[in-house]
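Worksheet: one structure, shown below.
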C-alpha cells in the first residue's frame, strides 16, 4: 500500500516537474498557458487546433526549430556580418513561431539532408525552397504552397547557350544540387548522368560555373536570381521549364501542425503580409509585382 | 526488403565502385613514384632539394585533404590553369600529391634503414647515384617500407571518398546520390560494406607480402 502511494507520488511529481520545466523563462514571449489566440499579433488559426499534440509540444519547448538554407539569397541566407538568417523562408519561420508564441531557431538544412532531419525530429519544420512532389509526399507532409518557382538556367554572360535544349544538344556539363528536384528535372529533359555535376550547396555550383567546370547551373529561378546577384557576370536565361510549388515540410503524423501552419499562411495572405514578404525579398531581384499567392495549388 | 534500393540502382553503384578502384590504383602508383623521388631528394639531395622535399611533405601531410581537393579543383579548372574540369582527374592529381607526402616519409625511413656500407660499396664499384638508388638502396629499403606503405595504401582507398565533395562520381558520391533520390539509408550500409570489400583484401595481400619479405632479414 505504502509502495503504491510512493509510486503514485513519484509519477505525480514527475508530471509536475515536466510542466514546470516547459515554461522556459526569458525566451518565450508568451507563457505556455496562453493559447495563440491571445497574442494580438498572431492572426490565430482555428482555435480547435491550438491544442494539438505537436503544437503543444513546440509551445512547451519554447522553440520552433526550422530547417532553412543558409546560402540561398532571398530565401534562406545567413548574413555573414550579423549572423542573422534572412529571407522569405526565414521570415515565414518567424511568423509561424510568433503565431505559436515561441522563439524561432534556425538550423541549416541542405537539400540532401532536409528530409532525414525532419524524419529524425532534428527540426520541427523545413522551409528550404523545397518543391512539393508526389515522391516527397510519400515521405513527409507539406503545408499549402507559399511560393511558385520555376526552373531555368544560369550561365556566364558571354556564354552562347540560351536554353536547356542547347546544353543537352551540346552534351555540356550542367551543375545542380544533390538530391534536388532540379537534378531530377534535368535528367528528365535529357541531361545524362555524366553531365550532371552535383554539389551539396548552390554556392559551390556557382563557383564551379565561374571556374568553367560546368557550362550552366540549373535550379529554381528564385535561387538563380540570388546567385546572379552575388556573382559578377552571370545571367539567368531560358524559358521556365517547370512549375515548382514550394511548401513547408512537416513530418508525417503531425496533422495539427500542418493545419496550424496552413492557418498562418491563410492569415498572411488575407492581411497582406504574404505580399509584403514578396516585395521585401523577391521583388528586388525579379522587378515584378507579387503574383497571386499560390496557396491552394 | 533489404538490398532492394541497392539492386535498383546497381549500375550507379558499380560505376562508383570501379571509379574508386581507378582512383586508388592510379593515385597509389603516382604517390609511390612521387614518394621515391622526394625521399631520395631528402636523403641525398643537398640543402636546396632537401628543403623543397621537406616543405612538400610538411605542407601536404599537415593540411586537410578536403581543402587540398577544393583548391586543385578550382586551380586546374578551365577559368584558371585550364588543365582539366573532370573531377576524377582532379581527384587523382590531388590524392597523388597528398598521399605522396606520406609515402615519402615511409620510403625515407626505409632508405635510412639501409646499411650505409651498402652505399659505400656501390660507390666503390663506380655505380652512379641513380643506379645506386635504383639497384642497391631501394630494393633493400622496400622491405622496411612495406608495413607503413601498406597503411598509406589502405588510407588512400578510404580517402578516395573525400573526392565526392568536388563532384567526382565515385562510390561514396553514388551512395549519397541514391540516398538523396530514394530517402533510404540503405545505401550508406552498402557503401561501408563496399569499402570493406576493398580494404580487407588489401590488408590480406599486404600481410602475405610482408611474410615473404621477412626471410631476407
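Taken together, the values in this text are just the output of simple stated rules run on the coordinates, not laboratory data. Model, not experiment: these values are computed from the prediction. Cβ sites come from the backbone with ideal geometry, for glycine too, and all protein chains shown count toward neighbours.
Points worth noting:
- For A:220, B:86, A:279, the sequence from fewest to most other C-beta atoms within 10 Å is A:279, B:86, A:220.
- Compactness of the stretch A:146-239, taken as the C-alpha radius of gyration over 2.2 N^0.38 Å, stands at 0.94.
- The distance separating the Cα centre of the stretch B:19-98 from that of the stretch B:186-201 comes to 26 Å.
- Relative contact order computed over the stretch A:91-170 (Cα-Cα under 8 Å; 6+ residues apart), in percent: 17 percent
- Listed from fewest to most Cβ neighbours within 10 Å, the set A:75, B:59, B:183 follows the order B:59, B:183, A:75.
- Each 5 Å bin, from zero up to the one with the longest distance, holds this percent of the alpha carbon pairs of chain B: 1, 7, 13, 15, 16, 14, 12, 9, 6, 4, 2, 1, 1, 0, 0.
- Relative to one another, the C-alpha centroids of the stretch A:81-120 and the stretch B:103-154 are positioned 59 Å apart.
- Footprinting exposure proxy for B:132, A:280 (fewest neighbouring C-beta atoms within 10 Å first): A:280, B:132
- Label-to-label distance for residue B:209 and residue B:158 is 1.8 nm, based on points extended 7 Å past Cα in the beta-carbon direction.
- Gaussian network model of chain B, Cα within-10 Å springs - most flexible of B:51, B:103, B:87: B:51
- Helix-derived mean residue ellipticity, 222 nm - over chain B, DSSP H n ≥ 4, -39500 (n - 2.57), to 500: -26000 deg cm²/dmol
- If R0 is 25 Å, the Cβ-Cβ spacing of residue A:172 and residue B:8 corresponds to a FRET efficiency of close to 0.30.
- The calculated FRET efficiency for the pair residue A:57 and residue A:252, based on their C-beta separation and a Förster distance of 25 Å, comes to about 0.95.
- Most mobile of B:97, B:67, B:146 in a GNM of chain B (Cα contacts under 10 Å): B:67
- Compactness of the protein assembly as shown was expressed as the Cα radius of gyration divided by 2.2 N^0.38 Å, which yields 1.24.
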